[in-house]
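Nothing in this text is a laboratory measurement; each read-out follows from the coordinates by a stated rule. Keep in mind that this is a model prediction, so the values were computed, not measured. Here the Cβ positions follow ideal geometry from the backbone for every residue, glycine too, while neighbour counts run over all protein chains shown.
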Amino acid sequence: MRTIRAYELEIERLCATGRLSGFPHLSAGQEAVAVGVCLLLRDGDLVVSSHRGHGHCIAKGLDLTAMTAELFGRATGYSRGKGGSLHIADPDRGMLGTNGIVGAGVPIATGAALST
Amino acid sequence: MFIDFLGTCFDPLLNQAGKLRYMLGGRVRVPLTVRAMTGAGMQTGAQHSQSLYGITTSIPGLKTVIPATPHDAKGLLLAAIRDDDPVIFCEPKGVLFTMGEVPEGDYEVPLGQARLAREGRDVSLIGMGATVPMCEQAADELAKEGISAEVLDLRSLAPLDEAAILATLAKTGHVVVADEATPRCGIASDVAALCVERGFGSLKAPVARVTAPHAPVPFAKSLEDAYRPSAAKIVAAVRAQRRARR
């Protein structure tokens, strides 16, 4: 939870000082939801996230360097810089993605549940 | 909100609002205005940067307008709200912070009327929304090479001011259409088809289109810049078109 809070505060600072562009949606204040759920998950379990998904990614064990690279639009990011904050995914770790459309994760999660 | 979000409420627009007046024999009206931001350039990613007005334009019963200036934003919005049919009012991000004169009080810009933004003799640059200032900047560049470019701002995509498009084509014989949207089944293709179908005798060169590529909008700034149309791309299209003249 402390990692998520520290990460989000740093992203907020980078945006405020103009070093990071785009419109990252932060999840500071929602740390307990992400951590509480992910603590109970097994390695093979899948997570579908939302537009405030940095905390979900961190709680699911994603790599902070690759996440941050994605936020900066770098080729070394999880989505090769094509997605940004709203499209961070690591299928190998069961993170099926943050999402720019509110509510769009529900049918994706349903399909994922049916397929496993 | 963002025009990308039409995806979550498309049936009410596509099958209800756009068709009720026709299906019920004209006995009802649907005076609805939908405001929607369009276009890329602000690093909002693939789900918040699209220019989907080609889709709404293709649906009979829906009207679609896209202002490029503060003056037209006010005038078109008032006309849209007062219109008895559903109107999609596009707010292009590329011109969202443009400053300009806006008259006090009540006035309307009629739906279906293009605006001649600049007069010219040699080539017609046709734009909409954010590509209008790109066309104007391209016209400045072309003037340095002795090419006189006319700039037509479509303003209204449905209804479309076909007469204004054919008139500028008849005048210059050369048409370059610049559109932020993807190239397939879009406004640029629509304008090109109109020019070929009804203005073929006036064409001195193939119609050129400057659009985004057929791909989702990328997040990274460098990729997004490469993705979008620009004044430089319009100038390059004009030069290529002049080399291809018959």
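A compact table of results
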item	result
Theoretical ellipticity at 222 nm over chain B - DSSP helices of four or more residues, -39500 (n - 2.57) apiece, nearest 500	-9500 deg cm²/dmol
Whole-Hz ³J(HN,Hα) from phi, Karplus 6.51 cos²θ - 1.76 cosθ + 1.60, for the range B:187-203, glycine and proline x	5, 4, 5, 4, 5, 4, 5, 4, 5, 6, 5, 10, x, 4, x, 8, 6
Distance violations [Cα-Cα > 32 Å] among A:Lys82/B:Lys74; A:Lys60/B:Lys221; A:Lys60/A:Lys82	A:Lys82/B:Lys74
Point-charge dipole on Cβ atoms (K/R +1, D/E -1) for the range B:185-228, about Cα centre, debye to 20	120 debye
Residues whose placed amide H lies under 5 Å from that of B:Val210, excluding near-sequence neighbours	B:Val177, B:Ala178, B:Asp179
Fewest-first sequence of A:Thr17, B:Thr211, A:Thr110 by Cβ atoms within 10 Å of each Cβ	A:Thr17, A:Thr110, B:Thr211
³J(HN,Hα), Karplus 6.51/-1.76/1.60, whole Hz, each residue of the range A:75-81, x for Gly, Pro	5, 8, x, 4, 10, 6, x
Computed E for B:Glu162/B:Cys185 - FRET, C-beta separation, R0 22 angstrom, nearest 0.05	0.75
Nonlocal amide H pairs with B:Phe2, under 5 Å, H built at 1.01 Å	B:Met37
For A:Val48, A:Val37, order by how many other beta-carbon atoms lie within 10 Å, fewest first	A:Val37, A:Val48
Estimated distance in nm for a label pair at B:Asp106 and A:Ala6, the labels positioned 7 Å out from Cα along Cα-to-Cβ	6.2 nm
For the range B:115-245, size of Cβ-based charge dipole, Lys and Arg +1, Asp and Glu -1, in debye	400 debye
Set of lysines near B:Lys171 by C-alpha distance (under 20 Å), chain-local residues within fewer than 8 positions excluded	B:Lys204
Three-way shape call for the range B:39-141 based on the alpha-carbon gyration tensor, with the a/c threshold at 1.5	rounded
Computed FRET value (nearest 0.05) for A:Thr65 with B:Ala232, which takes r as the C-beta separation and R₀ as 30 Å	0.25
Rounded if a/c under 1.5, otherwise prolate or oblate - the protein assembly as shown, Cα gyration tensor axes	prolate
Note, ³J(HN,Hα) from phi for the range B:20-29, Karplus 6.51, -1.76, 1.60, rounded to Hz, x at Gly and Pro	4, 4, 5, 5, 9, x, x, 8, 10, 10
For the range B:1-19 versus the range B:183-224, the gap between their alpha-carbon centres in whole angstrom	25 Å
Alpha carbon centroid spacing (whole Å) that separates the range B:107-166 from the range A:60-116	41 Å
Ranking of B:Ile66, B:Ile88, A:Ile58 by count of other Cβ atoms within 10 Å, fewest first	A:Ile58, B:Ile88, B:Ile66
Sequence-separation-based contact order of the range A:5-103, relative, with Cα cut under 8 Å and 6+ spacing, percent	27 percent
